[in-house]
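What follows is calculated from the coordinates using simple rules that are stated; it is not laboratory data. None of these values were measured; they are calculated from a predicted model. FYI the Cβ positions are ideal-geometry reconstructions off the backbone, even for glycines, and counts take in every protein chain you see.
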């Protein structure tokens, strides 16, 4: 008589190291919300960028140490929703959009809902997507645009209500772009484990020095350019496909 195979019990443990970074991302997002409620918008915006660093490290640490897990994937998505969906929307609402009444909180909700939909779509399409590109603006980049604007304006002493219309447009655009079909370069094809020329380290040092000159303004500028790059990259891809079809047809 054939003996049925013994089913292995699912492991109840979790990997500590990558989930510590994910917890750091979640904590930074929560701290950003608390700081915004307290009126410390510069701290709130800076916390979003700290959350981005933590979010960038957890996945890479998991891959480098071979500690990837389904629990880590789900935990990361929940942390991203707080840090890059709820927190930026609430920060922008409290800083600039609250003076616009219902329109203000509805646009903040559009951003938050866009982040939730973006994360859900990413999780369901991660195995079939081209790793070199994201479909739609990544939620950390959208959060960086929101946080960068708040941080830069606060650093220059500009009141949020004075920029309410611009803030409304940026928030709505970031929310819509997250669920759009525009393509964004993912930088995932960069090999972090391989050897690089010594000159590469010098370039990295210069980039850090450049950002340190004026972090709020430079970070906002960089991520705003990245947000607009999706239009250029998508239009370029359409042009390339049209030229390819013409060559095949000709």
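In table form, for the structure just shown:
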{"quantity": "Principal axis dimensions, region 16-240 - Cα atoms, whole angstrom, descending", "calculated": "50, 40, 36"}
{"quantity": "Potential lengthening between residue 74 and residue 201 on full extension [0.36 nm per residue; Cα-Cα distance subtracted]", "calculated": "42.3 nm"}
{"quantity": "Ranking of 112, 67, 124 by count of other Cβ atoms within 10 Å, fewest first", "calculated": "124, 67, 112"}
{"quantity": "Ascending count of other beta-carbon atoms within 10 Å, so fewest first, for 130, 58", "calculated": "130, 58"}
{"quantity": "Extension gain from residue 165 to residue 43, taking 0.36 nm per residue of separation minus the Cα-Cα distance", "calculated": "41.6 nm"}
